[in-house]
Every structure is written in structure tokens, then in C-alpha cells.
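Working notes for the structure below.
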Amino acid sequence: MKYSIFAFVSILFISCNQPVEKDYVSFSGKIKNKNSDTIKIRSKEYSKTILVNEDGTFSDTLKLKPGLYSFNDGVEGTRVFLKNGYEITMTLDTEMFDETIKYEGIGAENNNFLAEKSLLEEKLFDIDVDDYNQETLDMKLSSIESELSQFVDTKQNLDTMVVNSSKKSIQGNIKAYKGYLSELIALRENLPAGTPSPTFEGYENHAGGTSSLVDLKGKYVYVDVWATWCGPCKVEIPYLKEVEKEFHNKNIAFVSISIDKAKDHEKWVAMVSEKELSGVQLFADNDWNSKFVKDYYINGIPRFILIDPSGNIVTPDAPRPSNPKLKEMLNGLL
């Protein structure tokens, strides 16, 4: 009888000291140079807004299904893997968003892997299409696919969902980049340098009135096709400002054309003012379906175009402002 009581008490003691798995995620962190007073965690089936304090700290609990979710601060975003029981602390600096994301705590390993994979993809997919034809592009993408697959395979102790999703995303990204870059290669053939540029007419000018490409004849014209919702477009803004400042006394006009939909017109008006965007700020007449956009075969943004003083194409796919090759090109022309 004494033994039975002792055994029962022992089992009860052990049971009480077993860790109880939480049915929620503890998610906290600190954002340096915050862009917003809130962050959002989303999937197709889930959405939660978390308040960010004045000092950039945030903390909340989330009850959700295990899986990949988007983390967004209103300007940029990243992917996070969450499942109940995780206790994650995130730190990041928005001025170097992807490069500074770090995680600690339970669940950190999977999320640090995702952050590292994102940086590697950004590096590998930074392809200057001017250096490739279709055959060499196919070889390059095959090499990238192999390197990314090997990167995933060498990582240990990752959740199966993270591994499977990562491998699937590699295939999707390769397919997407192949389609996009193949179009740019074809673009060089359909809109070769020296031929008359497609034109735009009567686009709304943020400064007032309307503007047409012909108004800028006699100058080189560097065109930035963008939208307020486009993260990569917004990344280029500080670089574009720097280039504009360096070449402001030269014979060149910097034109930014928003292809936001009509319903987002006021958002465009506000962003141009709030971000103090310089140059000629225009609003396309029919978003993606604008003739100028279609004539330049624009299916992805940002796209940068350079036109000469006679209205002829210098390049239908100019270097981005963040690419040092742009300044080299302009210094050689101006």
C-alpha cells in the first residue's frame, strides 16, 4: 500500500514538472529606425496587427496554425515561420532591412535560416541581363538553382515545412526570373538602341498640369516606372535622389512614372510629397495598360529607361540607380 502511494505521488510529481507546450507563439522584438507604429503578421487565412512602441519595441502572442507568414512594417517585409510553442525575439534596422534581421529564442533556427536564404537569393538573382543571351542565361539560372538547393540541403535541424517550402520556392523563383529576364533579352531585340522611343502624352504632373515626352526633347531622359506599392521600387528612391543631385546641372531630366491604379491616385500624391521625391513626377493614364508601358513590354517594376535628346532609345532597360553602372553610363554620355 505504501509503495502504491509512493508510486502515485512520484508519477504526479513528474507530471507536474513536465513542460507544458504553449498553444500560442510569443513574438517580440525591437525595430531600429521604425517605419510605422504597427507591424502585420499575415497569411491567406490569418492576419494580426501588432503595435510598435515609440522606442521600436513590440510584443504580442499569436494563436495560429504552423506555417510561413509574412511580416511587414508598412514599407518592407520578410517571411517568418511560426508555430505554437515558439518564443521568438526579432531585431532589425529598417535602413538595412534584410541584412540586419536576427532571431533569438525557441524557433530562431528556422527563421535565421529564412533570413539567410533571402539574402543569398538577393545576391544570386542580381543579374545584369545585358551580360547574357538566352543560352547563357539558362546556364546561369541552372547554376543558381543548384547552389540554392545545396544551401538548403546542408542545413540541419530545420522544420520539414520550412525545408519543403524552401525547395518549392526555389523552383518558383527560377521560373519567374527566367520569364522576366528572357523578356528583357527579347526587349533588346525588339527595341534596339538608336530607334525612336515609344512616347507618352498628357500624363498628370504632380507639380501641376500635364507633361509629355516631347516636352523633354533636347535632353537625355531617364525614366523610372514604379508604383507606391512596389517594395523594390521604394528601395531605389534614395539612390535615385543621389543620382539626380549629382547630375542636376547636366543635360538630363529624371522622370518617374507611377503606374498605380486610379483608386490609389491620392496615395501617389501623398507619397511624392512625404518622401520629397524630386525630378518630374508623373501619373500614367491607365496603369499597366498605358500605351507607353505596353510599348516598352513592362511586365515587372521597377523598370528604368534611358532616351537620348533626339527621342531615340539609348537602352530600354537602363541600370538601376543603385547600380554603379548607371553613373558610369551617364558620365560617358553627358
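The values are calculated or read from the model by the stated rules, or taken from the named source; none is laboratory data. All values reported here derive from a predicted model rather than from experimental measurement. Don't worry about glycine lacking a Cβ; one is built from the backbone with ideal geometry, like all the others, and counts go over all protein chains shown. For the accessible areas, the whole protein counts, side chains as well, though only heavy atoms, and no ligand, DNA or RNA atoms are used. Shrake-Rupley method; radii C 1.70, N 1.55, O 1.52, S 1.80 Å.
Looking across the stretch 36-52, the residues that are part of a strand (DSSP E or B) and either in contact (Cβ under 8 Å) with a residue 40 or more places away in the chain or of a type in the set (Ser, Thr, Tyr) (or both) come down to Thr38, Ile41, Ser47, Thr49.
Mind checking which residues of the stretch 81-99 are of a type outside the set (Phe, Trp, Tyr) and either without any contact (Cβ under 8 Å) to a residue 40 or more places away in the chain or within 30 Å of Arg188 (Cα to Cα) (or both)?
So the first thing to find is which residues in the stretch 81-99 are of a type outside the set (Phe, Trp, Tyr), and the list is 82-85, 87-96, 98-99.
Met96, Asp98, Glu99 - these are the residues of the stretch 81-99 that are of a type outside the set (Phe, Trp, Tyr) and either without any contact (Cβ under 8 Å) to a residue 40 or more places away in the chain or within 30 Å of Arg188 (Cα to Cα) (or both).
Filtering the stretch 37-67 to residues that are open to solvent by 40 Å² or more (accessible area, probe 1.4 Å) and of a type in the set (A, V, I, L, M) leaves only Leu51.
With Tyr203, Tyr222, Tyr239, Tyr180 as the choices, which residue is more than 18 Å from Val293 (Cα to Cα) and not small (Gly, Ala, Ser)?
Details: Tyr203 fails: more than 18 Å from Val293 (Cα to Cα); Tyr222 fails: more than 18 Å from Val293 (Cα to Cα); Tyr180 fails: more than 18 Å from Val293 (Cα to Cα).
Tyr239 is the lone residue from the list that is more than 18 Å from Val293 (Cα to Cα) and not small (Gly, Ala, Ser).
Only residues that are acidic (Asp, Glu) and open to solvent by less than 80 Å² (accessible area, probe 1.4 Å) were counted in the stretch 176-195, giving 1. Whether a residue is basic (Lys, Arg) and either touching a residue at least 24 places away in the same chain (Cβ under 8 Å) or surrounded by 14 or more Cβ atoms within 10 Å (Cβ to Cβ) (or both) was assessed, and Lys241 passes this test. It is to be established whether one or more residues within the stretch 100-117 are aliphatic (A, V, I, L, M), open to solvent by 80 Å² or more (accessible area, probe 1.4 Å) and in contact with a Ser or Thr (Cβ under 9 Å, 6 or more places away or on another chain). So far as the stretch 100-117 goes, yes, one or more of its residues are aliphatic (A, V, I, L, M), open to solvent by 80 Å² or more (accessible area, probe 1.4 Å) and in contact with a Ser or Thr (Cβ under 9 Å, 6 or more places away or on another chain). Residues that are without any contact (Cβ under 8 Å) to a residue 24 or more places away in the chain, of a type outside the set (Asp, Glu) and open to solvent by 70 Å² or more (accessible area, probe 1.4 Å) were ranked within the stretch 246-272; the one that is farthest from Phe200 (Cα to Cα) is Asn249.
Scanning the stretch 168-175 for any residue that is open to solvent by less than 60 Å² (accessible area, probe 1.4 Å), more than 30 Å from Leu68 (Cβ to Cβ) and among the β-branched types (Val, Ile, Thr) turns up nothing. Listed by first and then second residue, the pairs with beta-carbon distance under 7 Å, at least 6 apart or on different chains, first residue in the stretch 106-124 and within 18 Å of Glu76 (Cα to Cα), second part of a helix (DSSP H, G or I) and among the charged types (D, E, K, R), are Ser118/Asp98; Leu119/Asp98; Leu119/Glu99; Glu122/Asp98. Within the stretch 121-135, which residues are assigned to a helix (DSSP H, G or I), open to solvent by less than 60 Å² (accessible area, probe 1.4 Å) and either in contact with an Asp or Glu (Cβ under 8 Å, 6 or more places away or on another chain) or at pLDDT below 90 (or both)? Within the stretch 121-135, Leu124, Val129 meet the criteria.
Does Thr61 satisfy the criteria of being of a type in the set (Ser, Thr, Tyr), out of contact with any His (no Cβ under 7 Å at 6 or more places or on another chain) and over 18 Å from Lys234 (Cα atoms)?
Numbers: of a type in the set (Ser, Thr, Tyr): yes; out of contact with any His (no Cβ under 7 Å at 6 or more places or on another chain): yes; over 18 Å from Lys234 (Cα atoms): yes.
The answer is yes for Thr61.
Across the stretch 274-311, which residue is farthest from the chain's Cα centre (by Cα) among those that are modelled with pLDDT of 95 or more and of a type in the set (S, T, N, Q)? Looking at the filtered set, the residue picked out is Ser310.
Considering only residues in the stretch 82-110 that are assigned to a helix (DSSP H, G or I) and more than 18 Å from the chain's Cα centre (by Cα), the one that is nearest to Gly67 (Cα to Cα) turns out to be Asn110.
Working only within the stretch 141-162, note down all residues that are in a helix (DSSP H, G or I), over 22 Å from the mean Cα position of the chain (by Cα) and surrounded by 14 or more Cβ atoms within 10 Å (Cβ to Cβ).
From the stretch 141-162, those in a helix (DSSP H, G or I) are 141-154, 160-162; that's our starting set.
If we keep only those that are over 22 Å from the mean Cα position of the chain (by Cα) as well, we get 142-143, 146, 150, 153-154, 160-161.
Met161, the sole residue that qualifies.
Of the set (1) exposed (fewer than 14 other Cβ atoms within 10 Å of the Cβ); (2) modelled with pLDDT under 95; (3) more than 27 Å from Met161 (Cα to Cα), all apply to Val20 but (3). Annotation note: Cβ proximity below 7 Å between a residue of the stretch 165-183 that is over 14 Å from Phe125 (Cα atoms) and a residue that is modelled with pLDDT under 90 and surrounded by fewer than 16 Cβ atoms within 10 Å (Cβ to Cβ) (sequence gap 6+ or interchain) occurs for Glu183/Asn299.
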